[in-house]
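Below is one structure, written out as structure tokens, with a few remarks after it.
The values are calculated or read from the model by the stated rules, or taken from the named source; none is laboratory data. Predicted, not measured: the structure shown is a model, and the values here were computed from it. Note that we place each Cβ from the backbone using ideal geometry, even for glycine, and neighbour counts take in every protein chain shown. Surface accessibility is based on the protein's heavy atoms, side chains included, excluding ligands, DNA and RNA. Shrake-Rupley method; radii C 1.70, N 1.55, O 1.52, S 1.80 Å.
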Amino acid sequence: MGMDLGLKRELEEKVRAGERLTREDGIALYESDDLAWLGGLAHEVRTRKNGDVVHFNVNRHLNMTNVCTASCAYCSFQRKPGEKDAYTMRIEEAVKLAKAMESENLTELHIVNGLHPNLPWRYYPRSLRELKAALPDVSLKAFTATEIHHFETISGMSASEILDELIDAGLESLTGGGAEIFDWEVRQHIVDHRTHWEDWSRIHRLAHEKGLKTPCTMLYGHIEEPRHRVDHVLRLRELQDETGGFQVFIPLRYQHDFVDMQDGKVRNRLQARTQMATGAEALKTFAVSRLLFDNVPHVKVFWVMHGVQTAQLALQHGADDMDGSVVEYKITHDADNYGTPNKLTREDLLDLIRDAGFRPVERNTRYEIIREYEGPDPLLREAPQPMRV
């Protein structure tokens, strides 16, 4: 439906004055069908914060086990012990695989695993120590808050002690996963583990107190409604007011389990009653998130979950960061077979960012600039402005 012109002007004025938007404002923005207006407003905010820059990093994803005690309704990655394609790497295997990923000036290793019922706690700090020894110049971004909560259970230690030991072993950042949608109305139907808002926020708060900067995420486009997305962002915004520890917000597009190439099973129990978010819905989610989340510096589009073209368009709808040149990302690619490439090289990313009208800047895990690149070729465009939809 169309938005009342007076409300439109009021929201524009609030955004341009740097005034914080409310829950009601967020819901009203989602109800607007004027994507060009929404995108333009979000683009103003991202430009004010980040100019014409799109950040990226050269990273690799490492999933050391897919064995998991949980059976979350949306997840195609998890396997139970004894399933034929369940796997758990020995630490030596993980190090060998990570070393093989070291080329192209890798700066970050992103590590997420299943909640393995039998692996001992010592496996995790030892794996970080050995990975750090093998790749001393690579930042280790590892473990979701859900995994840290699981480590509390299997170790008998507190999250604070666990984080201290992992930091000592080389941990530089947690990952943002396990957030999904925080509202219990939705969460009880999609999540099958014990880590909900109270523990997720407790663990990230602790990480921030210890000097770690972390990402935060939202899984959207399944059974939630726009009001649940607004609630999710506002909870994170309030925690960010308190700690200042979130560097980036990452909307993650829920995926259908089209084909599980290994055994033909469909593990996603939501898909019979869900549609995946359209490109327009994805862009609206980026725009509204950028407008609401006024105290986080960056919004990242994870191209693996959105497809390359939607990811480029997200850069004009509030996003200023494009996830790095992933060789293989098993959690999504166990779910989806709809044409997203497994790999983008640094050159691919530079081309995509310039083609969207932006200037690429390579960063590290802490968002420190490693290298700035030339922007779009002015000879190819009369004016290298970001393209509009």
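Return yes or no: is Trp184 surrounded by fewer than 17 Cβ atoms within 10 Å (Cβ to Cβ) and either aromatic (Phe, Trp, Tyr) or in contact with a strand residue (DSSP E or B) (Cβ under 6 Å, 6 or more places away or on another chain) (or both)?
yes
I'm trying to understand the selection: among the residues of region 1-36, which are open to solvent by 60 Å² or more (accessible area, probe 1.4 Å), charged (D, E, K, R) and farther than 19 Å from His232 by Cβ?
Hits for region 1-36 are Asp4, Arg9, Glu10, Glu13, Arg16, Glu19, Asp33.
Considering only residues that are assigned to a helix (DSSP H, G or I) and either farther than 19 Å from Val296 by Cβ or of a type in the set (S, T, N, Q) (or both), which ones fall in region 3-15?
Those that are assigned to a helix (DSSP H, G or I) and either farther than 19 Å from Val296 by Cβ or of a type in the set (S, T, N, Q) (or both): Leu5, Gly6, Leu7, Lys8, Arg9, Glu10, Leu11, Glu12, Glu13.
Residues in region 256-271: is at least one open to solvent by 40 Å² or more (accessible area, probe 1.4 Å) and either in a helix (DSSP H, G or I) or modelled with pLDDT of 95 or more (or both)?
Yes, because at least one residue in region 256-271 is open to solvent by 40 Å² or more (accessible area, probe 1.4 Å) and either in a helix (DSSP H, G or I) or modelled with pLDDT of 95 or more (or both).
Within the set of pairs 6 or more residues apart or between chains, which connect a residue that is over 17 Å from Leu270 (Cα atoms) and open to solvent by 40 Å² or more (accessible area, probe 1.4 Å) inside region 206-233 to a residue that is assigned to a helix (DSSP H, G or I) and modelled with pLDDT under 95 with Cβ atoms less than 6 Å apart?
Every condition considered, no pair remains.
Only one of these is more than 22 Å from the chain's Cα centre (by Cα) and at positive phi: Gly82, Gly6. Name it.
Gly82
Being modelled with pLDDT of 80 or more and crowded, with 23+ Cβ neighbours inside 10 Å narrows it down to one residue among Asp355, Asp323; which is it?
So the residue among Asp355, Asp323 that is modelled with pLDDT of 80 or more and crowded, with 23+ Cβ neighbours inside 10 Å is Asp323.
Criterion first (surrounded by fewer than 16 Cβ atoms within 10 Å (Cβ to Cβ) and either within 20 Å of the chain's Cα centre (by Cα) or without any contact (Cβ under 8 Å) to a residue 12 or more places away in the chain (or both)) does Ala42 satisfy it?
No; evaluated as a whole, the condition is false for this residue.
Looking at region 350-367, I want the residues that are among the charged types (D, E, K, R) and have a partner that is part of a loop (DSSP other than H, G, I, E, B) and surrounded by fewer than 20 Cβ atoms within 10 Å (Cβ to Cβ) with Cβ atoms under 6 Å, at least 6 apart or on another chain. Which pairs are those?
Matching pairs, first to second residue: Arg359/Asp52; Arg359/Gly375.
Have a look at Arg366, Arg346 and point out the one that is open to solvent by 10 Å² or more (accessible area, probe 1.4 Å), under 28 Å from Val138 (Cβ atoms) and modelled with pLDDT of 90 or more.
So the residue among Arg366, Arg346 that is open to solvent by 10 Å² or more (accessible area, probe 1.4 Å), under 28 Å from Val138 (Cβ atoms) and modelled with pLDDT of 90 or more is Arg366.
For region 241-255, give me the residue count where each residue is assigned to a loop (DSSP other than H, G, I, E, B), open to solvent by less than 10 Å² (accessible area, probe 1.4 Å) and modelled with pLDDT of 95 or more.
So the answer is 1.
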